[in-house]
Amino acid sequence: MNSRSLTKNIDSITYYLYTLNHKFSIIGFSETWFNNNNAPPPLTNIQGYTMAQSDRTGKKGGGVTLYISNDLKFKIRHDINLTSNQSCESLFIEIVYRSPNSSNHTFNNNLSTSIDTLSKENKHLFICGDFNLDLLNSSTHGPTNDFLNTMYAASLYPLIDKPTRITTKSSTLIDNIFTNVIKHNITPGVLFNDITDHFPVFLLLNTSNEPTTNAKENFYSRKNNAKSIASLGIDLMTTEWNEIYQHNSANESFNLFSNKFSILYNKNIPRKKIKINKRKIAKP
């Protein structure tokens, strides 16, 4: 899922995952907007998962993060990281974000090299993320066609065939999952929500029918009341905002505002852990 700032949207994302009543083994996010491999904000943790991140260096934006279920063993493959020349950010090669302004040629070359490395190991591959290349336009857009040919040459095929980003002016398929697995039971799809301007994509692989049991899980919630909202209003009115207007970039101004607002919001209306009863269900 393209998170468009994981810090800003983590509450909405965790709540949405809870409403699905299904625990995914691995969850991937692009455009996390963390900074230079520093420790991510504590409130971006998701219970039951271990985080692994790869951040953009040298400028703001970008970045990818995987949440891996605690019952899975994993190893970070630094030898197949695609972060060179700022063309994209990747982690294990399963989660990829390609900047829309980056070189298509550089991206394809780096991706091809990484895929070649893994292909020699005879592994099952799942490459997902926001590629910023519209597969619905592959027949008329050369770089997109080149990207697809790179994937096809490695026997990697896209699982998503519906638009993942829809606006009033366009409908594009830029988020996808590619795999070389063809002998297993696979169920891909697109989830519809308005957390960001990208729809999440998902993949269910070899689901099993495990017996259901009752279990207690922690969940985070915020307590909104008149007192906390009034306190937030006072902080918003007394905070210095002038520096936001000093930037020429609308994105930088928005990021500064978002960070300041998040700090005040978390101060006055903090997340608190609560316990709920929930049924364990089949894992993907």
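The values are calculated or read from the model by the stated rules, or taken from the named source; none is laboratory data. Bear in mind that the values here come from a model prediction, so they are computed numbers and not experimental data. Note that each Cβ is placed from the backbone with ideal geometry, even for glycine, and that neighbours are counted across all protein chains shown. Only protein heavy atoms, including side chains, enter the accessible area calculation; ligands, DNA and RNA are left aside. Shrake-Rupley method; radii C 1.70, N 1.55, O 1.52, S 1.80 Å.
Considering only residues in segment 208-231 that are open to solvent by 90 Å² or more (accessible area, probe 1.4 Å) and not charged (D, E, K, R), the one that is modelled with the highest pLDDT turns out to be Ile229.
The residues of segment 173-198 that are among the β-branched types (Val, Ile, Thr) and touching a residue at least 40 places away in the same chain (Cβ under 8 Å), listed by number, are Ile174, Ile177, Thr179, Val181, Ile195, Thr196.
Asn255 meets all of the listed conditions (1) assigned to a helix (DSSP H, G or I); (2) of a type outside the set (Val, Ile, Thr); (3) farther than 24 Å from Thr19 by Cβ; (4) at pLDDT 80 or above but one, namely (4). Among the residues of segment 120-148, those identified as touching a residue at least 40 places away in the same chain (Cβ under 8 Å) and either in a loop (DSSP other than H, G, I, E, B) or among the small types (Gly, Ala, Ser) (or both) are His124, Leu125, Gly129, Phe131, Asn132, Leu133, Asp134.
So for segment 100-112 (the condition being in a helix (DSSP H, G or I), open to solvent by 60 Å² or more (accessible area, probe 1.4 Å) and not small (Gly, Ala, Ser)), does at least one residue qualify?
yes
Among the residues of segment 21-53, those that are under 12 Å from the mean Cα position of the chain (by Cα), open to solvent by less than 30 Å² (accessible area, probe 1.4 Å) and modelled with pLDDT of 90 or more comprise Ile27, Gly28, Phe29.
Quick one: is Val181 of a type in the set (A, V, I, L, M), out of contact with any helix residue (DSSP H, G or I) (no Cβ under 7 Å at 6 or more places or on another chain) and over 22 Å from Ile13 (Cβ atoms)? Yes, satisfied.
This table checks each residue for (1) exposed (fewer than 15 other Cβ atoms within 10 Å of the Cβ); (2) at pLDDT 80 or above; (3) touching a helix residue (DSSP H, G or I) at 6+ places or on another chain (Cβ under 6 Å); (4) not hydrophobic (A, V, I, L, M, F, W, C).
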residue: Gly233; (1), (2), (3), (4): yes, yes, no, yes
residue: Thr239; (1), (2), (3), (4): yes, yes, no, yes
residue: Glu243; (1), (2), (3), (4): yes, yes, no, yes
residue: Asn251; (1), (2), (3), (4): yes, no, no, yes
residue: Asn259; (1), (2), (3), (4): yes, yes, no, yes
residue: Tyr265; (1), (2), (3), (4): no, yes, no, yes
residue: Ile274; (1), (2), (3), (4): yes, no, no, no
residue: Asn277; (1), (2), (3), (4): yes, no, no, yes
residue: Ala282; (1), (2), (3), (4): yes, no, no, no
